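Computed from the coordinates by the stated procedures, all read-outs in this text should not be read as laboratory data. On a predicted model such as this, the values are computed, not experimentally measured, just so you know. In this analysis, Cβ positions are derived from the backbone assuming ideal geometry, glycine residues included, and neighbour counts consider all displayed protein chains.
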Amino acid sequence: MALRIVAMLCLSSILTAQQSKLAFPGRDWEKVRPETEGYSSPKFEALRVWLKTQQTTALHISVHGRTIFEYGDVARATKVASVRKSILAMLYGNYVAQGKVNLNQAVEDLELGDVKAFLPLEKKATLLHLLQARSGIFLPTANQNLSAWLPKRGSHEPGTWYQYQNWDFNAAGSAFQKLTGKSVFTALEEDLALPIGMQDFDPKLQRLNDEMPVSKHPEYAMYLSTRDTARVGLLMIAHGNWNGKQLIPKDWASRITTLVTPPRDLHPVTLGALKSRIGNWGYGLLWWVWDAPNGDEITGPYQGAYSAVGSNGQYITVLPSMDMVFAHKVDFDNDGSRQISPGEYHTILQMVIESGIN
């Protein structure tokens with residue numbers, strides 16, 4: 001425990017020093033040669049050639065808030081899939097700080113009941129449990145792939161079991177709207193897109209996908225460009241501060257990217273097995289969080305890392321130890337077969353990490 005505390009303090013001092021070096025894009029990103037930030041242009045060109053053999057639509061990489069690499073159409077807004085969940089977690093921050101949102105409020109009190117009534121056990125689940133994906137409410141959604149993996153209802157106490165399933169996430173969106181008096185998409189525009197200067201944000205692209213008759217809670221589908229999701233990552237690496245203005249409480253930015261569920265406790269089991277093959281990703285509050293194997297201390301490029309992840313290859317990955325943000329997109333909305341695997345994405349991460357000039 002003492003070693004972990006020391007490691008956290010060291011990382012905090014590193015992040016504070018790095019934050020002072022951050023540049024924040026205005027109307028556009030500042031673009032610099034990779035060598036400016038200590039990386040190799042020839043290695044990035046090799047990455048570009050490799051990407052042409054993959055299904056990647058666009059990739060944006062920044063260091064200290066400056067663009068060192070772009071690939072594809074980074075200005076095109078496409079569906080971010082489950083990256084929306086991590087963004088929703090960010091939107092919650094100010095309202096928690098203002099007292100409008102009580103994370104300990106129960107789902108029954110929030111009137112989040114669905115087509116199928118809550119079991120007595122399920123009524124005890126809280127909003128915090130929804131954000132942790134630990135509600136123990138195993139109700140189906142329109143996502144049949146995830147619903148097929150649900151445990152038996154009433155089999156686990158709220159808070160004791162992690163299950164990646166869309167009911168928690170969609171209900172968290174409904175709860176946000178009830179408690180804040182704002183639609184998710186209005187908050188997305190007013191609290192995030194406009195303050196950080198998203199270049200390609202279009203409120204008309206955002207979609208509320210009805211999931212009836214399966215569930216009363218809709219999917220809040222977000223459509224953002226790759227370079228705009230890179231701004232989201234930069235806001236997070238700056239602890240919620242954008243060029244001197246605190247848009248998200250600093251402690252909230254830290255809380256949502258702090259490990260709650262280690263990789264060994266991820267469910268469905270196939271998800272845990274997949275994550276273990278590409279690294280040690282556990283879960284915080286709607287963000288994937290890097291964890292050290294076997295209880296070891298986290299060192300190296302993944303120290304303090306966290307990621308927003310969506311199906312088919314949507315990512316915002318933040319490596320605080322390198323002050324680096326990856327924004328990766330695959331446009332799959334019109335072609336569901338278009339994707340890159342988690343392993344292929346991990347290869348991209350490794351190629352970039354290894355492109356540093358020794």
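Compute the length gained on full extension between Thr160 and Thr258: take 0.36 nm times their separation in residues and subtract their Cα-Cα distance, giving the result in nm to one decimal.
Numbers: separation 98, 0.36 × 98 = 35.28 nm, distance 1.75 nm.
This chain segment gains 33.5 nm when fully extended.
For the stretch 249-265, the Karplus equation 6.51 cos²θ - 1.76 cosθ + 1.60, evaluated at θ = phi - 60°, returns couplings of x, 4, 5, 6, 4, 6, 5, 6, 10, 9, 4, 10, 10, x, x, 5, 9 Hz by residue, with Gly and Pro reported as x. Per residue, the average separation of C-alpha pairs within less than 8 Å and at least 6 apart gives the stretch 2-353 a relative contact order of 22 percent.
Note on the chain: with a GNM built from Cα contacts shorter than 10 Å, the maximum mean-square fluctuation among Ser183, Ser337, Ser41 falls on Ser337.
Above 25 Å, the calculated P(r) of the stretch 59-194 contains 35 percent of its Cα-Cα pairs.
For the chain, what is the calculated [θ] at 222 nm in deg cm²/dmol (nearest 500), taking -39500 (n - 2.57) for each run of four or more DSSP H residues and dividing by its residue count?
Values: 11 runs with 113 residues, N = 358.
When only DSSP H runs of four or more count, the value is -9500 deg cm²/dmol.
Can you put Ile316, Ile196, Ile353, Ile237 in order of Cβ neighbours within 10 angstrom, beginning with the fewest?
Neighbour counts put them in this order, fewest first: Ile353, Ile196, Ile237, Ile316.
One decimal place: the segment Lys204-Glu45 gains 53.6 nm when fully extended, by the rule 0.36 nm per residue minus the C-alpha distance. Between Lys100 and Lys31, the distance separating the two model label sites (each 7 Å from Cα on the Cα→Cβ line) works out to 3.8 nm. Placing unit charges on the Cβ atoms only, positive for Lys and Arg and negative for Asp and Glu, gives the chain a dipole magnitude near 120 debye about its Cα centre.
With neighbour counts taken as other beta-carbon atoms within 10 Å, the residues Glu211, Glu108 rank, fewest first, as Glu108, Glu211.
Just need the Rg to Rh number for the chain, please, alpha carbons only, Kirkwood Rh.
Values: Rg = 19.6 Å, Rh = 20.7 Å.
Checking Rg against Rh, the ratio lands at 0.95.
Sorted ascending by nearby beta carbons within 10 Å, beginning with the fewest, Leu127, Leu192, Leu22 become Leu22, Leu192, Leu127.
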